[in-house]
Amino acid sequence: MAGPSRLQWEAGRAPDALWWQPDRDAVAPPAAIVQPGPRVPKSFVALARAAACHRSADRWALLYCLLWRLTHGERHLLTQVGNPDVARVNRYAKAVRRDVHKMKAFVRFRTMAEPGFEAPRYVAWFEPEHAVVEYAAGFFQHRFANMRWSILTPDRCAHWEGGGAIWFSPGTDKTAAPAGDVTEEAWRVYYRSIFNPARLKTRAMMSEMPAKYWRNLSEAALIPGLIAGADRDVAAMEAAQSAHDTLRCGATPETPGTALARRAEAAERGSLEQLALRAAGCRRCGLCSPATRTVFGEGPADARIMLVGEQPGDAEGLAGRPFVGRAGRLLDAALADAGLDRRALYLTNTVKHFKFTPKGRRRLHAKPDYDEVRACGPWLEAEIDRVAPDIVVALGATAAAALLERRVSIVRDRGKRIDWHGRCLTLTVHPAFILRSRERRDDEYRRFVADLRAAAAA
Ligand code: SF4
């Protein structure tokens, strides 16, 4: 509490019994406020320290009034942010803190030779909106602890000798501070180097760095030119960046789709290899998105027998090859028992991508629907056209229905030889069906081998 105010306080004078007159000396002595006195909330002390630096003539009357109320039954007054006195003191404190923030940002020291000292003194001129020099001096003491410096303002001047205590002197005018020094150009070079025209936001910049501070900033002379040339500089940066990218990365890398298309183009026209490469990039139905790989058929291009399954399973989808999972191993065994060499056969599926339902980390088989079978039909037709087998063996109802384009009962038509587009088509079960037939597995396996043997005999 300032001296005269304290005397009034000790005399027990209520706020409305006092009248106030403007300071003759505009400088607030905030250190005096924290001297022992009435017990008040800590938040009031911090608030009062800031608000006391405000230039408004009524600040002491306001602070005295708040102090009186806080100590006369309104201890929680500061929590009433809508109260006019509380709102006003908060507004004053906020303005002062903002002014301190600007002071920290815009004080520019310049060197000044000082008789008797080898090292120069650093002197800054600043024009704060409020009487904040003493309030902000501690910041500069810590930040520039090893320097000897002075901050001159019209109200009050702060001085630090590199140790001891900060001392203050009355305000002065700008002529007491050096107008420039050798560091000016360094400031400008630094500012020019950190200015990024691509991130220029003129309104935000003007709000953060109001023009009233420019006259004391050596770099401010650059600002209009930098703003005016921002568009041109951004274009130059983009041009330089694209040149840099070309140098660093070389040609743009091929996407997987482009690489597949290029390889397919280079492959023998109409060959199985070309078909497989084209199918690898197929997007005709939604099965390609969750699936791992396209599983095209495999086997000799002149195979006499073609086996057609339903769709690849989990293992096939990962390996990218047909019939390599559990069902595939059962098929291998059955083929061997039927006297057939897998390497002489062409093995494929009706649908080339694995359809599944995720369950935890597992992918459970899901039956392809009619649209998916139809979408994939052209690939199977192309394989049959290219291989031109004498015998086609449909493994399961999905393959049989896709080939015959109608609903098929394997139970009813199994083992029959059907004349199909000039070829022999026979139907049997899918090896996965045998795996699922737990109790009748041996019987089913024997029937399956017999079906394959019959097909081979055909
Ligand atoms: S399932 Fe067949 S049609 Fe669908 S994306 Fe795969 S290859 Fe193409």
> Where in the range 291-351 are there trypsin sites (Lys or Arg not before Pro) that are in a DSSP coil and have at most 14 other Cβ atoms within 10 angstrom of their Cβ?
Replying inline: Arg304
> Of the GluC sites (Glu not before Pro) in the range 70-147, which ones lie in a loop per DSSP and count no more than 10 other C-beta atoms within 10 Å?
Replying inline: Glu118
>> List the aspartates and glutamates whose Cα sits under 16 Å from the Cα of Lys42, skipping any in the same chain fewer than 8 residues away.
In response: Glu74
>> Give me a comma-separated list of calculated 3J(HN,Hα) values for the range 74-85, in order, Karplus coefficients 6.51, -1.76, 1.60 applied at θ = phi - 60°, integers in Hz, x for any Gly or Pro.
In response: 10, 4, 9, 4, 5, 6, 8, 5, x, 5, x, 5
>> Just to verify a number: FRET efficiency for Asn216 and Val45, C-beta to C-beta distance, R0 = 22 Å, to 0.05?
In response: 0.10
> If the viscosity is 1.002 mPa s and the temperature 20 °C, what Stokes-Einstein diffusion coefficient in µm²/s follows for the range 408-458 when Rh is the Kirkwood radius over Cα pairs?
Replying inline: 184
> What length, rounded to one decimal in nm, is gained on full extension from Glu268 through to Leu364, with 0.36 nm per residue of separation minus their alpha-carbon distance?
Replying inline: 30.9 nm
> Taking R0 as 60 Å, what's the FRET efficiency between Asn83 and Ile194 from their Cβ-Cβ distance, rounded to 0.05?
Replying inline: 0.85
> If R0 is 60 Å, what FRET efficiency do you get for Ser169 and Leu318 from their C-beta distance, rounded to 0.05?
Replying inline: 0.15
> So how much slack lies between Ala204 and Ser56, counting 0.36 nm per residue of separation and subtracting their Cα-Cα distance, in nm?
Replying inline: 50.5 nm
> What's the extension gain from Trp20 to Met112 if we count 0.36 nm per residue and subtract their Cα-Cα distance?
Replying inline: 28.9 nm
> Which far-off residues, 5 or more places away or on another chain, put their amide H under 5 Å from the one on Ala366, with H placed in the peptide plane?
Replying inline: Lys355, Phe356, Thr357
>> Going Cα to Cα from Lys102, which lysines come in below 20 Å? Please leave out same-chain ones fewer than 8 positions away.
In response: Lys94, Lys174, Lys201, Lys212
>> Counting only Cα atoms, I'd like the Rg/Rh figure for the range 107-176, Kirkwood definition for Rh.
In response: 0.94
> Across 5 Å bins from 0, what is the distribution of all Cα-Cα pair distances for the range 71-216, in whole percents?
Replying inline: 2, 8, 14, 17, 17, 13, 10, 8, 5, 3, 2, 1
> Taking H as built 1.01 Å from N, whose amide H comes closer than 5 Å to the amide H of Gly325, not counting residues under 5 places away?
Replying inline: Glu316
>> Once you place label points 7 Å from the Cα toward the Cβ at Ala454 and Glu74, how far apart are they in nm?
In response: 10.4
>> Nearest 5 percent is fine: what portion of the DSSP beta bridges confined to the chain is antiparallel?
In response: 55
> Non-local amide H neighbours of Thr350 (under 5 Å, H modeled in plane, Pro and chain starts lacking H): which ones?
Replying inline: Gly309, Glu310, Gln311
>> Could you compute the net charge surrounding Thr255? Neighbours are other residues with a C-beta less than 14 Å from the C-beta of Thr255; K and R count +1, D and E count -1.
In response: +2
> With the radius of gyration and the Kirkwood radius both derived from the Cα set of the range 183-249, what is their ratio Rg to Rh?
Replying inline: 1.08
> Using the scaling law 2.2 N^0.38 Å as the reference, what is the normalised Cα Rg of the chain?
Replying inline: 1.97
>> I want to check the label-to-label distance for Ala179 and Gln141. Put each point 7 Å from Cα in the C-beta direction and report it in nm to one decimal.
In response: 3.4
> Residue-wise, which Karplus ³J(HN,Hα) couplings in Hz belong to the range 327-341, taking 6.51 cos²θ - 1.76 cosθ + 1.60, θ = phi - 60°, and x for glycine or proline?
Replying inline: 5, x, 5, 5, 4, 4, 5, 5, 4, 4, 5, 8, x, 10, 9
>> Output the 0 to 90 degree angle, nearest 10, between the alpha-carbon long axis of helix 133-143 and the longest principal axis computed from the alpha carbons of the chain.
In response: 50
> What is the distance, in nm, between label points placed 7 Å from the Cα along the Cα-to-Cβ direction at Asp390 and at Arg329?
Replying inline: 3.3
> Cα to Cα, under 18 Å, and not fewer than 8 places away if on the same chain: which aspartates and glutamates meet these conditions relative to Lys367?
Replying inline: Glu310, Asp314, Glu316, Glu405
>> Restricting to Cα atoms and excluding each atom paired with itself, what does the Kirkwood estimate give for the range 203-359 in Å?
In response: 21.3
> Expressed as a whole number of Å, what is the distance separating the alpha-carbon centroids of the range 52-127 and the range 351-427?
Replying inline: 84
>> Using the alpha carbons of the range 287-457, what is the convex hull volume per residue in cubic angstrom, as a whole number?
In response: 110
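Bear in mind that the values in this text are calculations on the coordinates, not laboratory data. None of the values given here were measured: they were computed from a predicted structure. Neighbour counts are summed over all protein chains in view; Cβ atoms, including those assigned to glycine, are modelled from backbone coordinates with ideal geometry.
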